[in-house]
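**Q** Attaching a single structure in structure tokens format; questions to follow.
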Amino acid sequence: MKKTTILCVGLCAAMAFTSCKSNESAYKRAYEKAKQYDTAAAQQAPQTPQTAAPQTTEEVAVVAPVEAKPADEARVVDNLDNVSVRQESVTLINGSGLKDFSVIVGSFGLISNAEGLQQRLKAAGYDAQVVKNEEKNMYRVVASTFAGKADAVNSRDQLRATYPDAWLLYNVR
């Protein structure tokens, strides 16, 4: 019984694979049709003498696809230095106070995780703070805060050696 079942399954599989073959004649017909199209196009092209100037072709501008960005994140870009800054409304949870520009080194959904990173930063000598973005329900860990953007950018660049995802935040009050 097993031998006949295996034999039948094998025959069915062989027939299924052979019935799906593409026809060589289909390829031949497509080739001949393309060849006819090429010869017809060559015959319709106007014949120009050898001394005539070559025709110029019109260049077609290639447009890159539009990159969609999330609507819930506003970025402020200062044209003087082209450094992107996220603009969010945050409230201070733990720390000495925020200035206009802050360097964020971590974002967490749990306050305990944010406070853990804050303690590590304080041990490293930073005046770390924890703030909360109520819209996104995220706790942000601020490593340093500055009144001017240039100082914040310098601090962020130094922190990126340890925290490569560090970014700038402009607090909307």
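**Q** In this structure, is L110 open to solvent by less than 70 Å² (accessible area, probe 1.4 Å) and either basic (K, R) or modelled with pLDDT of 90 or more (or both)?
**A** Spelling it out, it is not the case that L110 is open to solvent by less than 70 Å² (accessible area, probe 1.4 Å) and either basic (K, R) or modelled with pLDDT of 90 or more (or both).
**Q** Go through (1) assigned to a strand (DSSP E or B); (2) open to solvent by 30 Å² or more (accessible area, probe 1.4 Å); (3) out of contact with any helix residue (DSSP H, G or I) (no Cβ under 7 Å at 6 or more places or on another chain); (4) under 15 Å from G95 (Cβ atoms) one by one and return the number of the condition Y170 breaks.
**A** (4)
**Q** Related question: Tell me, please, whether a residue that is surrounded by fewer than 19 Cβ atoms within 10 Å (Cβ to Cβ) and under 23 Å from the mean Cα position of the chain (by Cα) can be found in region 138-150.
**A** Looking through region 138-150, at least one residue is surrounded by fewer than 19 Cβ atoms within 10 Å (Cβ to Cβ) and under 23 Å from the mean Cα position of the chain (by Cα).
**Q** For the condition surrounded by 14 or more Cβ atoms within 10 Å (Cβ to Cβ), modelled with pLDDT of 95 or more and either hydroxyl-bearing (S, T, Y) or not in a loop (DSSP other than H, G, I, E, B) (or both), what is the one hit in V153, V130?
**A** After applying the criteria, what remains is V130.
**Q** Which pairs have Cβ atoms under 6 Å, sit 6 or more apart or on different chains, and link a residue in region 162-173 that is of a type in the set (G, A, S) to one that is buried (at least 18 other Cβ atoms within 10 Å of the Cβ)?
**A** As it stands, the answer is A166/V103; A166/V105; A166/R156; A166/L159, since those pairs meet every condition given.
The values are calculated or read from the model by the stated rules, or taken from the named source; none is laboratory data. Predicted, not measured: the structure shown is a model, and the values here were computed from it. Note that each Cβ is placed from the backbone with ideal geometry, even for glycine, and that neighbours are counted across all protein chains shown. Ligands, DNA and RNA are stripped out before the accessible areas are found, and what is left, the full protein with its side chains, is counted by its heavy atoms. Shrake-Rupley method; radii C 1.70, N 1.55, O 1.52, S 1.80 Å.
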